[in-house]
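Presented below is the structure to which this report refers.
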There are 2 protein chains.
Amino acid sequence: MKNKVTVVGSGNWGSVAAKLIASNTVRLSSFDDEVRMWVFEEKLPSGEKLTDVINRTNENVKYLPGIKLGKNVVADPDVESAVKGANMLVFVSPHQFMEGICKKLVGKIGKDTEGISLVKGMEVKKEGPCMISTLISKTLGINCSVLMGANIANEIALEKFSEATVGYSKNKEAAEKWVQLFGTPYFIVSAVQDVEGVEMCGTLKNIVAIAAGLLHNIHNLIVVSSFTFYKMTQILVGFVDGMEMGNNTKAAIMRIGLKEMIKFSKMLFPSVKDSTFFESCGVADLITTCLGGRNRKVADAYAKNQGKRSFDQLEAELLNGQKLQGVLTAKEVYEVLSDRGWVEQFPLFSTVHAISIGRLPPSAIVELGDSRSANKQVGNSTL
Amino acid sequence: MKNKVTVVGSGNWGSVAAKLIASNTVRLSSFDDEVRMWVFEEKLPSGEKLTDVINRTNENVKYLPGIKLGKNVVADPDVESAVKGANMLVFVSPHQFMEGICKKLVGKIGKDTEGISLVKGMEVKKEGPCMISTLISKTLGINCSVLMGANIANEIALEKFSEATVGYSKNKEAAEKWVQLFGTPYFIVSAVQDVEGVEMCGTLKNIVAIAAGLLHNIHNLIVVSSFTFYKMTQILVGFVDGMEMGNNTKAAIMRIGLKEMIKFSKMLFPSVKDSTFFESCGVADLITTCLGGRNRKVADAYAKNQGKRSFDQLEAELLNGQKLQGVLTAKEVYEVLSDRGWVEQFPLFSTVHAISIGRLPPSAIVELGDSRSANKQVGNSTL
């Protein structure tokens, strides 16, 4: 029997995932050509339904305009009908909707179905944090892998060379099928047996991206307010040289963030491996998200407005309906930190949360160093 | 007896190192205030000698204009006289000059002298590669640590928040003294017991920076030559969104480079630790160098000229007398790879070398993926 794939979600990344998958199902004999894609129905300004337009034009005109998804992608506004008969489910909705979606699907899924989550984030409940793959796997009673990586969706849509990592827990054969289904010559997928490590990478990097985004404008403010004439001269020399100033600081913030990602992941899941952070889901995704992602962009605007406009307002204005994961994740992670008495050990994560709720000014992100300089240790680096 | 420090070198980074050190020697009672700095004498366009101008103005007008080094920095054009009486030597000259400098100093150094190398690169000899710290330590018979990190000198000169890593082999007390001597509230230094790992990071990242630099213009060429109308539309959408395109690819190249750095370091020195690559000398320095360093800049110009002007020419034009380490390091590393039959295992390092000598076109850097896609493995990521 051929494998049949449904993509549960159709935002920017969901649409790109459908395109990647559809290019492979027509090519590989072990897969049914048709890829169904569940679309949260919206009415477009033209009065048409989004699903109708996708099925007529093969294009998600709202979330991925200008890119053909493949004629074998079929949009369906009803999630239960979309998953019917599928034995491979790709979950790619904003994480705050995942619990509701899973509940709707209980009892509608075949028992040998394999799931994969492309969702960044986690659910925090009274009993502790719950990864999205665990939520899917527990609610639906299916095995669930994850796919994360340096994946700015618009770039993959343009078929630029990128990489991704599949994290799996036990079923290596399923992981091989996912690698087949997603991989293309321009999208290199490899798999590692560390589902929690891979998923934590995809979740936590958004917090670090907010920290990196806050930096840009803070530096400009510092330049204007306190530099001497000599320093101003030097800045001009820097610009003339084509050097971008502040890269040291940005790199330092990214590194401190990476260290907190590793530490937090391992404290929650002792099975998490250091080596996972050298995969695409780790260091590469962190870099690309801090350089060009939406968390960075909104944080940049937040710092520019000196905190006078909230993250919620800026998200609504700047993201065209897309959701900002970093602020929500920072809040959820902070709940775990304070619940377990770990706040002091994670200065970057805690500071991002405090800034995002307005308790600290954006400039607090460059003051991480002050507390750290008192703590220098030899042979036992603290961060 | 107070510790007495000499900085052997006075380029851009050497001058910044002297500034950092001089701010600490006046503050700490265990150090003699005066910091001597050996300057390779040059005649300035004004007709004055560089050392005279530095000693008159406290400024290295050629390599760090606009920044006061501290009145306790004394420039000396004679290397033997500069090191006289010093028990802490900071080596910070381009790596191709290090062997000559060390030979001059034989017999001129006290036996309890401690050295630290800020030099990126290595010497390749018939008997194999020799790290600069080993060259110093063997030629002069002294213990030698290294200091590497995310250190774009101009940014540290402006006192922007940055970090660095001291790598030491046995003498932990010496490492603690170096951390004291270099650390400031804006320059956070920590130490790890892995001198080879730290030094390899500082050496090899320059090769990766060349790879990253080549990318920028290649993307522009691809955009112009082969994108369809739909893709052009999408690119415009990308620009309007403020997204920088190509970050996925850049992150992928940086990650593949990091993996090759780790693999090469461990194959040469089995004692090298994975954890070192999470320090400032590893991932942070790699990021900052790929975003803003001189190797990136010259590679960018090389790709823009489609390889029609050599790296040597561009170095002379763009770097105002500074040396380009990446091309030389790529050559030296390639000699090790081909000598030991490791070329196939290091596609990025080998490709950068081939491009830098004109054997492959700049665009070869984005073709790494083609050979890799044939090699996908589950549970055993190859790169």
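Pairs A:Lys49/A:Lys205; B:Lys160/B:Lys205; B:Lys120/B:Lys331: which exceed 25 Å Cα-Cα?
Details: A:Lys49/A:Lys205 34 Å; B:Lys160/B:Lys205 22 Å; B:Lys120/B:Lys331 14 Å.
Long pairs (Cα-Cα over 25 Å): A:Lys49/A:Lys205.
Sorted from shortest to longest, the distances between the B:Leu318 label points of this copy and the other copies are 3.0 nm, with each point 7 Å from Cα along the line through the beta carbon. For the range A:14-166, the equivalent ellipsoid derived from the Cα gyration tensor has semi-axes of 25, 18, 17 Å, listed largest first.
Using Cβ point charges alone (K and R +1, D and E -1), the dipole size of chain B about the Cα centre works out to roughly 200 debye. Near A:Tyr302: Cβ cut-off under 14 Å, other residues only, Lys/Arg at +1 and Asp/Glu at -1. The net charge is +3. Residue separation of B:Asp52 and B:Arg340 scaled by 0.36 nm, minus their Cα-Cα distance, works out to 98.8 nm of gained length.
A:Pro45 label point (Cα plus 7 Å toward Cβ) to equivalent points in the other copies: 5.4 nm, shortest first.
Listed by chain and number, the lysines whose alpha-carbon sits under 23 Å from that of B:Lys43, ignoring those within fewer than 8 places in the same chain, are B:Lys19, B:Lys62, B:Lys68, B:Lys71, B:Lys104, B:Lys323. Starting from the Cα gyration tensor of the range A:260-311, take the square roots of the eigenvalues, sort them a ≥ b ≥ c, and report rounded, prolate or oblate (rounded when a/c is under 1.5, otherwise prolate if a/b is larger than b/c, else oblate). Here the range A:260-311 falls in the oblate category.
Given 10 °C and 1.306 mPa s, compute D for the range A:141-192 with the Stokes-Einstein relation, Rh being the Kirkwood radius over Cα pairs; round to the nearest whole µm²/s.
Numbers: Rh = 11.4 Å.
It diffuses with D of about 139 µm²/s by this estimate.
As a ratio to 2.2 N^0.38 Å, the alpha-carbon radius of gyration computed for chain A takes the value 1.02.
Sequence-distant contacts, meaning Cα pairs under 8 Å at least 6 residues apart, place the relative contact order of chain A at 14 percent. Separation of the range B:124-163 and the range A:47-87, taken as the distance between their Cα centroids, equals 56 angstrom. Under a cut-off of 17 Å between alpha-carbon atoms, report the lysines in cross-link reach of A:Lys108, not counting same-chain residues fewer than 8 places apart. Reachable lysines: A:Lys4, A:Lys84, A:Lys138. Comparing A:Met98, A:Thr51, A:Val146 along the charge dipole axis of the range A:21-176, the residue lying farthest to the positive side is A:Met98, per the Cβ-charge model. For a quick check, take a GNM of chain B with Cα springs below 10 Å and name the residue from B:Asn248, B:Asn151, B:Asn55 with the largest mean-square fluctuation. For chain B, modelled as a Gaussian network with Cα springs under 10 Å, the answer is B:Asn248.
When the alpha-carbon atoms of the range B:269-344 are used, the pair Rg, Dmax equals 15.2, 42 angstrom. Rounded to the nearest whole Hz, the Karplus-based 3J(HN,Hα) values (6.51 cos²θ - 1.76 cosθ + 1.60, θ = phi - 60°) of the range A:38-49 follow the sequence 6, 10, 5, 5, 9, 8, 7, x, 5, x, 7, 7, with x at glycine and proline.
Charge tally around A:Lys19: other residues with Cβ under 11 Å, Lys/Arg +1 each, Asp/Glu -1 each, net -1. With R₀ fixed at 60 Å, the C-beta to C-beta distance from A:Lys331 to B:Leu44 puts the FRET efficiency at about 0.55. If R0 is taken as 45 Å, the Cβ-Cβ distance between A:Leu318 and B:Lys111 corresponds to a FRET efficiency of 0.10. Among A:Pro45, A:Pro77, A:Pro361, the residue with the largest mean-square fluctuation in a Gaussian network model of chain A, with springs joining Cα atoms closer than 10 Å, is A:Pro45.
Per Stokes-Einstein, at 20 °C and 1.002 mPa s, what whole-number D in µm² s⁻¹ belongs to the protein assembly as shown, with the Kirkwood radius over Cα pairs as the hydrodynamic radius?
Working: Rh = 27.1 Å.
After rounding, the answer is 79 µm²/s.
Average projection, convex hull of the Cα set of the range B:82-203: 7.6 square nanometres. Measuring nothing but alpha carbons in the range A:70-114 and taking Rh as the Kirkwood radius, the Rg to Rh ratio lands at 0.96. Applying a 4.7 Å Cβ-Cβ cutoff to chain A, the cysteines left without a disulfide-compatible partner are A:Cys102, A:Cys130, A:Cys144, A:Cys290. Sorted shortest first, the distances from the A:Lys263 label point to those of the same residue in the other copies are 3.1 nm; each point sits 7 Å from Cα along Cα-to-Cβ.
Each value in this text was obtained by applying a stated rule to the coordinates, not by laboratory testing. Source: prediction; values computed, not measured. Glycine gets a Cβ as well: all are built from the backbone with ideal geometry, and neighbour counts include every protein chain shown.
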